[in-house]
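Enquirer: Got a structure here, written out as structure tokens. Questions coming.
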Amino acid sequence: MRFQTFSAAALVALSAITLTAQPTAPLYVQYDGFVRQPNALVVAFGYFNENNIDVDVPPGGANAFSPSPGDRNQPVHFVKGRHRFSCVMVVDPTFDGKLQWTVTFAGKTSTTTAKALDPLYELELNSEKRVLTGLEVANAPRNTCVNRAPIAHVISMLGEPVESLAAPVGQDLPINGMVEDDGLPRGSKVTIAWKKISGPGDVTFSSASTAQTRAKFSAAGEYQIELSATDGEKQTTTPIKVTAK
């Protein structure tokens with residue numbers, strides 16, 4: 001049996017590599033804005049994780065809202081990149097705007113604005129639709145981040161949502177599916193699935209469990225396929241029409 005040995009210098013170098021692999025970039029929380037609804041306001045928060053990996057910050061002193069309660073079911077698992085509307089909260093119409101989210105990570109503290117009701121933060125129509133999707137305002141619990149169903153759609157090369165596609169028979173059709181989730185319930189994992197709903201032939205997916213995939217249609221005609229995403233509690237299904245020629 002052969003054993004590999006390392007010099008002291010090599011061990012120091014390996015330790016340095018391990019240390020630099022630790023996430024040390026900032027984690028910023030942000031206030032995304034508010035939406036006025038009958039008998040309620042809906043406020044939304046998001047975050048920007050500048051690390052190249054996901055990070056976790058449990059609820060408590062390093063991840064809290066003020067005023068209390070500090071734990072309002074906010075995200076504790078922060079996916080890399082920018083994520084808007086990850087905490088959507090329904091509050092009473094008498095809300096005075098005094099609500100801030102503070103997160104400390106890697107020695108850096110980020111706090112959302114103290115001006116939550118500034119008219120500049122009232123969301124425009126497209127953002128309003130995104131915030132309200134899957135949210136039953138009248139029945140939602142108050143003053144806590146509400147779990148909403150994942151958002152699942154297919155987008156074009158220009159980033160616009162599409163509802164229909166065209167495919168050559170017997171050849172791969174790249175499909176740019178997108179799934180976004182708020183990370184709730186805590187500890188949940190989003191499950192993605194593609195499947196054929198109708199059509200004259202077989203549909204083969206290069207990967208039926210990822211949002212981005214390729215589909216091959218065995219015969220000409222009109223098909224309907226479906227992208228679904230579930231967080232274990234709520235589910236979204238998005239049908240896509242495909243014309244194969």
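The values are calculated or read from the model by the stated rules, or taken from the named source; none is laboratory data. Note that the structure is predicted; figures quoted are calculated from it, not measured. Cβ coordinates were reconstructed from backbone atoms using ideal geometry, including for glycine residues, and neighbour counts include every protein chain displayed. Surface areas here come from the heavy atoms of the whole protein model, side chains and all, with no ligands, DNA or RNA. Shrake-Rupley method; radii C 1.70, N 1.55, O 1.52, S 1.80 Å.
Enquirer: For the subset of segment 126-137 comprising residues that are surrounded by 13 or more Cβ atoms within 10 Å (Cβ to Cβ) and not polar (S, T, N, Q), which member is farthest from GLY232 (Cα to Cα)?
Expert: Restricting to residues being surrounded by 13 or more Cβ atoms within 10 Å (Cβ to Cβ) and not polar (S, T, N, Q), the top hit is GLU128.
Enquirer: Shifting gears a bit: Could you tell me which residue of segment 138-171 is farthest from PHE95 (Cα to Cα), considering only residues that are assigned to a strand (DSSP E or B) and open to solvent by 80 Å² or more (accessible area, probe 1.4 Å)?
Expert: Quick first cut of segment 138-171, residues assigned to a strand (DSSP E or B) only: 142, 145, 151-155, 161-162, 164-167.
If we keep only those that are open to solvent by 80 Å² or more (accessible area, probe 1.4 Å) too, we end up with 142, 161.
Numbers: ARG142: 11, PRO161: 35 Å.
Among them, the one singled out is PRO161.
Enquirer: While we're here: Which of the residues belonging to segment 14-65 are of a type in the set (S, T, N, Q) and either surrounded by fewer than 17 Cβ atoms within 10 Å (Cβ to Cβ) or at pLDDT below 95 (or both)? Reasoning before the result, please.
Expert: Narrowing segment 14-65 to residues of a type in the set (S, T, N, Q): 15, 18, 20, 22, 24, 30, 37, 39, 49, 51-52, 63.
Scanning segment 14-65 gives SER15, THR18, THR20, GLN22, THR24, GLN37, ASN39, ASN52.
Quick grid of which residues meet (1) in contact with a Pro (Cβ under 9 Å, 6 or more places away or on another chain); (2) at negative phi; (3) outside any strand (DSSP E or B); (4) among the aromatic types (Phe, Trp, Tyr):
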residue	(1), (2), (3), (4)
GLY70	yes, yes, yes, no
ASN73	yes, no, yes, no
CYS87	yes, yes, no, no
VAL90	yes, yes, no, no
LYS98	yes, yes, yes, no
THR104	no, yes, no, no
SER127	no, yes, yes, no
GLU136	no, yes, yes, no
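Enquirer: Which pairs have Cβ atoms under 7 Å, sit 6 or more apart or on different chains, and link a residue in segment 40-62 that is closer than 18 Å to GLU180 by Cβ to one that is of a type in the set (S, T, N, Q)?
Expert: If the second residue must be of a type in the set (S, T, N, Q), the pairs left are PHE45/GLN30; PHE45/SER86; PHE45/THR112; GLY46/GLN30; GLY46/SER86; TYR47/GLN30; TYR47/SER86; PHE48/GLN30.
Enquirer: I would also like to ask the following. Under the condition of being open to solvent by less than 10 Å² (accessible area, probe 1.4 Å) and out of contact with any Cys (no Cβ under 8 Å at 6 or more places or on another chain), which residue from segment 66-85 is farthest from CYS145 (Cα to Cα)?
Expert: So in segment 66-85, the residues open to solvent by less than 10 Å² (accessible area, probe 1.4 Å) come out as 74-75, 78, 85.
Filter once more, so that each one left must be out of contact with any Cys (no Cβ under 8 Å at 6 or more places or on another chain): 78, 85.
Details: PHE78: 15, PHE85: 10 Å.
Filtering segment 66-85 for residues that are open to solvent by less than 10 Å² (accessible area, probe 1.4 Å) and out of contact with any Cys (no Cβ under 8 Å at 6 or more places or on another chain), the one farthest from CYS145 (Cα to Cα) comes out as PHE78.
Enquirer: Of all the residues that make up segment 197-235, how many are open to solvent by 30 Å² or more (accessible area, probe 1.4 Å) and part of a strand (DSSP E or B)?
Expert: Of the residues in segment 197-235, 12 are open to solvent by 30 Å² or more (accessible area, probe 1.4 Å) and part of a strand (DSSP E or B).
Enquirer: Can you say whether PRO174 is part of a strand (DSSP E or B), under 17 Å from THR133 (Cβ atoms), open to solvent by 30 Å² or more (accessible area, probe 1.4 Å) and not hydrophobic (A, V, I, L, M, F, W, C), as far as the supplied structure shows?
Expert: On the way: part of a strand (DSSP E or B): yes; under 17 Å from THR133 (Cβ atoms): no; open to solvent by 30 Å² or more (accessible area, probe 1.4 Å): yes; not hydrophobic (A, V, I, L, M, F, W, C): yes.
No; evaluated as a whole, the condition is false for this residue.
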